[in-house]
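Since every read-out is calculated from the coordinates, none of them should be taken as a lab result. Values in this document were obtained by computation on a predicted structure and should not be read as measured data. Every residue, glycine as well, gets a Cβ built from its backbone with ideal geometry; the counts of neighbours run over all protein chains shown.
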Amino acid sequence: LAGARLTTIEGIGSGPEKLHPVQRSFVLHGAVQCGFCTPGMVITATEFLARQPHSDRSEMAGAISGNLCRCTGYSKILDAMENVAEEVVVPEHLPPPAPRACSPAAASTAAGRAVFSPGSMAELWVILSDHPEARVFAGGTDLLIWLRGRRIDPPSLINLAKIETLRGIGEDSHWLRIGAGTSHAALLDDPRITTMFSVLSQALQTLGSPHIRRMGTIGGNIVTASPAGDTLPPLQVLDAEVELCSVAGMRRMVISDFILAPGKTALRPGEILTAVFLPKPADHVFQHFEKVGLRSAMACAIASLAAVIGVSPDGRIESARLAWGSVGPTVARIPAIEAALIGETLSRKTLESVIPLVATGISPLDDVRASTAYRRLVAGNLLLRLMKFAPPSAGMQAEGLPMEKSL
């Protein structure tokens, strides 16, 4: 938080005598029930409405999707937000961010650990050389959970968030280059992602919540190597490559070779992921991502499917890349299914013919979110549900199956 401005609920309004418009609207619309979620809801609503005062109700619902209300009072909260939307401004009494008291690379301390914040790659290599045991992070959305749960206990941390060269999106005639430190929210704001790589943008919209997407980075989601990582199936079907750098040099590899097992990657000591490269897709390609979880936000995938399917003008499948998430130790590609689809029409009959191969091509586990049997069922149904989302140009009838329907 060095150099940042932090606003808590105490910084909204000026006490009971002068409530902020959002606080006043919450009271008038009965949006305060047990009160447990209220501070977070007020902070989130105030920040969102100050940025997007002309939002509709669905956008407001998306903004608070990372705030849980166990009283199920969302309707009244949304009523309160709608009523006050155009009155909200950033509070004028907030002071500007404080200037830094030290250089970016200087160490601060958190919970007894040294935390380094290099401002350049050159500073990073020096720190890594002096502290090879340090844990590197950017957004820290997973790291903070691991530290709190005592799953890891690194002696020091290195925060990459201040290295500007790790952020941003560039392109040439063949590739889109995404800096590993680019946030999920920044990717969703870039029209090149939403138009050329819609399978990735669809996955990003399901990842965490707006709060998580503003903090988390694409590089972090990859390096975490979770079987349920939302960006991993899309990146696999997009044939993504990762750029890995160390003081010794740089190398590139396809993402399927980079992720080896849950939580394990091909990173070498002293090496970090610096960028992701996406080859620009061909024309006449249908892209889709769908995820099944216990709720629509802030939920790990029970199963997910990313699909990139090339279709000829006469409706024949020319190429097929399919990747399932959360149904095995790593992302599951099933070459037999992809090969069987080539030359066929994109139809329910075609998809049903390859469903038996799904069950044999994945290796899901039982856990607290779902059973092995349920994951197998959902993985097959996700494939059939491509019918619901394929555009008319793909030659497929727009119909789908409910997730729970037996195959």
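Once every Cα of the stretch 9-87 carries one equal point scatterer and solvent is ignored, give the base-10 log of I(q)/I(0) from the Debye formula at q = 0.16, 0.20, 0.22 Å⁻¹, two decimals.
For the stretch 9-87 at q = 0.16, 0.20, 0.22 Å⁻¹, log10 I(q)/I(0) is -0.50, -0.80, -0.99.
Based on Cα coordinates alone, diagonalise the gyration tensor for the stretch 108-159, multiply each eigenvalue by 5, take square roots, and list the semi-axes in whole Å, largest first.
20, 11, 9
What residue among S304, S296, S183 has the largest mean-square fluctuation in a Gaussian network model of the chain, using Cα springs under 10 Å?
Its mean-square fluctuation being the largest, the pick is S296.
Roughly how compact is the stretch 233-303, stated as its Cα Rg over 2.2 N^0.38 Å to two decimals?
Scaled against compact globular proteins, the figure is 1.38.
Which whole-Hz ³J(HN,Hα) couplings does the stretch 296-306 yield from phi under the Karplus relation 6.51 cos²θ - 1.76 cosθ + 1.60, θ = phi - 60°, glycine and proline marked x?
For the stretch 296-306, the Karplus curve yields 7, 9, 6, 9, 6, 6, 7, 7, 9, 9, 10 Hz.
Fewest to most neighbouring Cβ within 10 Å: what's the order for F36, F289?
Ranked by crowding around the Cβ, least crowded first: F36, F289.
Considering the convex hull of the alpha carbon atoms of the stretch 279-318, report its projected area averaged over all viewing directions, in nm², one decimal.
Answer in nm², one decimal: 4.1.
Just the Cα atoms of the stretch 167-279, one point each, no solvent: what log10 I(q)/I(0) does Debye give at q = 0.09, 0.15, 0.16 Å⁻¹?
-0.21, -0.59, -0.67
Which order do peptides 217-228, 49-60, 357-368 fall in by mean Cβ count within 10 Å, highest first?
Highest mean packing first, the order is 217-228, 357-368, 49-60.
Could you work out [θ]222 nm for the chain from helices alone, using -39500 (n - 2.57) per DSSP H run of at least four and dividing by all its residues? Round to the nearest 500 deg cm²/dmol.
-9000 deg cm²/dmol
Report, in whole Å, the centroid distance computed from the Cα atoms of the stretch 230-289 and the stretch 1-33.
42 Å
Taking N as the number of residues in the chain, what value does Rg over Cα atoms divided by 2.2 N^0.38 Å take?
In units of the 2.2 N^0.38 Å rule of thumb, it is 1.07.
If you place +1 on the Cβ of every Lys and Arg and -1 on the Cβ of every Asp and Glu, how big does the dipole about the Cα centre of the stretch 167-279 come out, in debye to the nearest 20?
I would put it at about 280 debye.
List the relative contact order of the chain as a percent without decimals, with contacts defined as Cα pairs under 8 Å and 6+ residues apart.
Relative contact order here is 10 percent.
Hey, could you get me the Stokes-Einstein D for the stretch 218-274, Kirkwood radius over alpha-carbon pairs, 25 °C and 0.890 mPa s, rounded to whole µm² s⁻¹?
215 µm²/s
Which percent, to the nearest 5, of DSSP beta bridges fully inside the chain are antiparallel?
Given both bridge residues lie in the chain, the antiparallel proportion sits at roughly 90 percent.
Give the long-range amide H neighbours of F286: residues separated by 5 or more places, or on another chain, with amide H under 5 Å away, using H modelled in the peptide plane at 1.01 Å from N.
I309, G310, V311
Which value, to two decimals, describes the C-alpha radius of gyration of the stretch 309-380 once divided by 2.2 N^0.38 Å?
1.21
Considering the options V292, I272, I255, tell which one lies farthest towards the positive end of the dipole of the chain, charges being +1 on Lys and Arg and -1 on Asp and Glu at the Cβ, about the Cα centre.
The one lying farthest along the dipole's positive direction is V292.
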